[in-house]
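Student: First the structure, then my questions, so here it is.
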Amino acid sequence: AAHDFVTEVLALPDTAFGYLFIPLVVGMVSGSFTAARLAQRVSGPHLIALGYGVAGSAALFSLIYNGLASQTSIPGGVLPLGVYALGLTLAFPSITLTVLRRAPAFAGTAASLLNFVEMTIFSIASAPSTTPRMPNDAEIA
């Protein structure tokens, strides 16, 4: 999916993956740093709401931009992904702590289950965008 986004949607060469991954990494690092700084001043539920608000705003901007733009450009097509990553990494530490507090005796099991659920939801959500692009057996041979 990343290859198709960079080469087909953004119309960049195969060597231009930095345009996609650098904003994502900067968003994740910034979100983690900000979550660590805000954790002492803001309650968990408020930090979760803030994170989802930032991520939702980025998703809404991306939908509006891609609906109105005739050609997706680098800033408009990529920066919302970084902001979305920032929002999610703002929320995830508080979400994890909320889940772990419910059953402290089973913290390891709860953390594993939380990661399993997150990965399952991500896989299900990303399947429609990647499945149509998969080559069939005739194209491989």
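Student: Within segment 64-78, can you find the residues that are assigned to a helix (DSSP H, G or I), in contact with a helix residue (DSSP H, G or I) (Cβ under 9 Å, 6 or more places away or on another chain) and surrounded by fewer than 18 Cβ atoms within 10 Å (Cβ to Cβ)? Lay out the reasoning, then the answer.
Tutor: Narrowing segment 64-78 to residues assigned to a helix (DSSP H, G or I): 64-68, 74-78.
The next check asks that each one be in contact with a helix residue (DSSP H, G or I) (Cβ under 9 Å, 6 or more places away or on another chain); those that pass are 65-66, 74, 76-78.
Within segment 64-78, Tyr65, Asn66, Ile74, Gly76 qualify.
Student: Has segment 31-49 got at least one residue that is under 27 Å from Val6 (Cβ atoms), surrounded by fewer than 17 Cβ atoms within 10 Å (Cβ to Cβ) and either within 16 Å of the chain's Cα centre (by Cα) or not acidic (Asp, Glu) (or both)?
Tutor: Taking every residue of segment 31-49 in turn, at least one turns out to be under 27 Å from Val6 (Cβ atoms), surrounded by fewer than 17 Cβ atoms within 10 Å (Cβ to Cβ) and either within 16 Å of the chain's Cα centre (by Cα) or not acidic (Asp, Glu) (or both).
Student: Does any residue of segment 84-97 turn out to be under 16 Å from the mean Cα position of the chain (by Cα), at pLDDT below 80 and aromatic (Phe, Trp, Tyr)?
Tutor: no
Student: Let me ask something else. Taking the condition surrounded by 16 or more Cβ atoms within 10 Å (Cβ to Cβ) and on the phi < 0 side of the Ramachandran plot, does Ala105 pass?
Tutor: So Ala105 fails the test.
The values are calculated or read from the model by the stated rules, or taken from the named source; none is laboratory data. Worth saying up front: this structure is predicted, and the values here are computed from it rather than measured. Cβ: placed from backbone, ideal geometry, glycine included. Neighbour counts: every protein chain shown.
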